[in-house]
Amino acid sequence: MNTKNIPAIVTLAAGLVAMIVMIQRGITEDMLRMLLTLLVVLIVFFIIGNIIKVIFDKVFAEPIEEEAEEGLEESVEEEDTEDTLEEDEETADSEEE
């Protein structure tokens, strides 16, 4: 899953909602207060977006890693079986001599 854009989407959506609420409540007279509030909202929701991204990365990455580990275990078992067969053949050849 592509989670690269989650922090940006969350941050921009929060900024849009914050601006709409501030305009609706009439805070536009104090521009400095409005901009500082927007800055705080953007920073907080950027951090929240990054936390969500990390959680999604971990949740969706675990099954893939488990499948990869199972594949590695199967290939190791196959190699062990091949090594055992080769040893048995060598033992049989040396007994014949």
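FYI, it's all coordinate maths here, none of it is from the lab. Small disclaimer: the values here were computed from a predicted structure and weren't measured. No Cβ is skipped: glycine too gets one built from the backbone with ideal geometry, and neighbour counts run over all protein chains shown.
As an exercise, use a Förster radius of 22 Å and the Cβ-Cβ distance of ALA13 and VAL54 to find the FRET efficiency, rounded to the nearest 0.05.
Working: r = 19 Å, r/R0 = 0.84.
Efficiency computed from Cβ-Cβ geometry: 0.75.
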Net charge near THR37: determine it from the other residues with C-beta under 12 Å of the C-beta of THR37, scoring Lys and Arg +1 and Asp and Glu -1.
+1
